[in-house]
1. How fast does the stretch 6-181 diffuse by Stokes-Einstein, in µm²/s, taking the Kirkwood radius from C-alpha pairs at 25 °C and 0.890 mPa s?
2. Rounded to the nearest 5, what is the percent of antiparallel bridges among the DSSP beta bridges in the chain?
3. Relative to the longest principal Cα axis of the chain, at what angle does helix 384-399 sit, 0 to 90 degrees, rounded to 10?
4. With θ set to phi - 60°, apply the Karplus curve 6.51 cos²θ - 1.76 cosθ + 1.60 along the stretch 225-242 and write out the HN-Hα couplings as whole Hz, x wherever there is a Gly or Pro.
5. In whole Å, how far is the Cα centre of the stretch 4-56 from that of the stretch 112-159?
6. Roughly how tilted is helix 333-344, in degrees to the nearest 10 and between 0 and 90, from the longest Cα axis of the chain?
7. If you place +1 on the Cβ of every Lys and Arg and -1 on the Cβ of every Asp and Glu, how big does the dipole about the Cα centre of the stretch 187-317 come out, in debye to the nearest 20?
8. Determine which aspartates and glutamates satisfy two conditions relative to Lys187: a Cα distance under 13 Å, and not lying fewer than 8 residues away in the same chain.
Amino acid sequence: MITGKSILLIISGGIAAYKSLDLIRRLKERGASVRCVLTDGGAQFVTPLSVAALSEDAVYQDLFSLKDESEMGHIRLSREADLLVVAPASADLMAKMANGHANDLASTILLATDKPVLIAPAMNTRMWDHPATRRNFQTLLQDGLHAIGPGAGDLACGEVGSGRMSEPLEIVAAIEGILSDTDAPLKGRRAIVTSGPTYEAIDPVRYLANRSSGKQGHAIAAALADLGAEVVLVAGPNSLVDPAGVTVRDIESADQMLAACESALPADIAVCAAAVADWRVAGEAEQKMKKDGSGQPPALNLVENPDILATLSQLNGGRPGLVVGFAAETETVVAHARKKRARKGCDWIVANDVGAGTGVMGGDQNTVHLITAQGEENWPTMAKDAVAIALARRIAQFFDAGFDADFDANSDAE
Ligand code: CTP
């Protein structure tokens with residue numbers, strides 16, 4: 001899929017730069033040409049010689065080098081590629097990009113380009129969590145940049161947390177997703193995606209909710225839109241940036257989520273990734289409930305919420321051609337998910353283990369099993385946006401058997 005495509009890889013300063021050497025190999029073995037720019041920081045971690053040898057091309061480092069400029073000016077570098085990839089994207093380079101700086105070759109190219117840009121952030125977990133970095137990252141997403149990762153885990157600096165650069169094969173899948181935009185295998189298809197938690201009101205100030213962040217559902221909406229689908233994202237309360245190119249309907253309760261989904265029909269695809277509250281409080285109090293001095297807590301009467309996935313799966317007329325649900329399980333994950341698929345009547349179930357200690361709820365990584373009528377696939381642990389891209393590509397393949405999903409589900413992520 002990326003054969004013949006040309007990629008400009010910008011390697012900025014971070015220990016994860018060693019993975020970029022492997023990324024070059026993975027891209028080259030898929031037939032892409034890779035030209036590299038190394039920042040001063042990047043050159044502290046990998047040598048120009050290794051990068052040049054693997055990319056089989058010159059390495060560009062200096063904005064004011066007469067030699068580099070005479071051979072290939074920064075404007076040409078920024079325009080000749082099909083895609084610019086920044087991996088690793090350091091906190092410093094992201095800050096420059098978000099603020100429009102152009103004081104070295106990499107930042108100048110990134111400001112001058114008219115091509116899509118994918119960033120793979122990598123940094124210490126506190127740097128990633130710092131409000132300045134989060135602000136810069138949000139700005140870059142709002143500017144229309146694509147991002148993959150970072151994932152969570154052991155960091156090279158010895159700490160544990162978010163900030164780990166996505167694996168080379170995950171980055172390759174993201175690149176394929178972006179470059180296949182032009183092929184847009186889902187062009188003309190309509191998709192509904194549910195995401196996030198629901199809030200079920202108890203009284204005007206209190207509600208029942210759960211720990212869902214919406215990251216997985218939002219990433220799926222973005223990945224389907226990247227493949228050309230017209231996407232309506234029905235989102236429970238969340239603190240995420242609305243994905244570019246997606247129509248977002250913000251809701252609070254399960255009842256509102258169902259109504260928003262029904263009004264988004266007809267659709268070819270429905271992906272229910274929301275963690276819908278199973279119950280709501282019967283008879284929401286109109287005024288704030290007060291303690292009555294008896295020491296007795298009030299009894300909350302719960303009634304079951306509508307099941308959105310089951311409703312969409314069992315529509316008599318106008319059922320989406322492919323309905324995908326999620327199964328959040330804490331034990332015997334696959335067996336429970338199989339039963340859930342049969343009970344709800346959906347076509348596929350993406351089962352994930354959300355038990356305490358997995359860090360899935362609210363986290364960045366996910367380990368999933370795809371359950372279909374044909375059986376089950378065990379996918380390697382991936383960042384949630386990599387899971388989203390793989391799922392979107394599988395969906396594209398469902399509608400177009402000739403489309404190469406290019407994802408070896410049962411292999412290790414390496
Ligand atoms: N779901 C839904 N509407 C509900 C409950 C769940 O659309 N009222 C969807 C979720 O979006 C997910 C799937 O159903 O795609 C399974 O959700 P999950 O919470 O795993 O299962 P439940 O139906 O809640 O079943 P249980 O609590 O028994 O595990």
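1. Estimated diffusion coefficient is 155 µm²/s.
2. Numbers: 19 of 62 bridges.
Of the beta bridges lying entirely in the chain, close to 30 percent run antiparallel.
3. 80
4. 5, 4, 8, x, 6, 8, 10, 9, 9, 9, 10, x, x, 7, 10, 8, 7, 4
5. 18
6. 60
7. Working: 11 positive and 16 negative charges, 61 e Å.
Here the size comes out at about 300 debye.
8. Asp226, Glu230, Asp268, Asp400
Coordinate-derived values only; no laboratory data. Keep in mind it's a predicted model, so treat the numbers as computed, not measured. With ideal geometry, Cβ positions are generated from the backbone for all residues, glycine too; neighbour counts draw on all protein chains shown.
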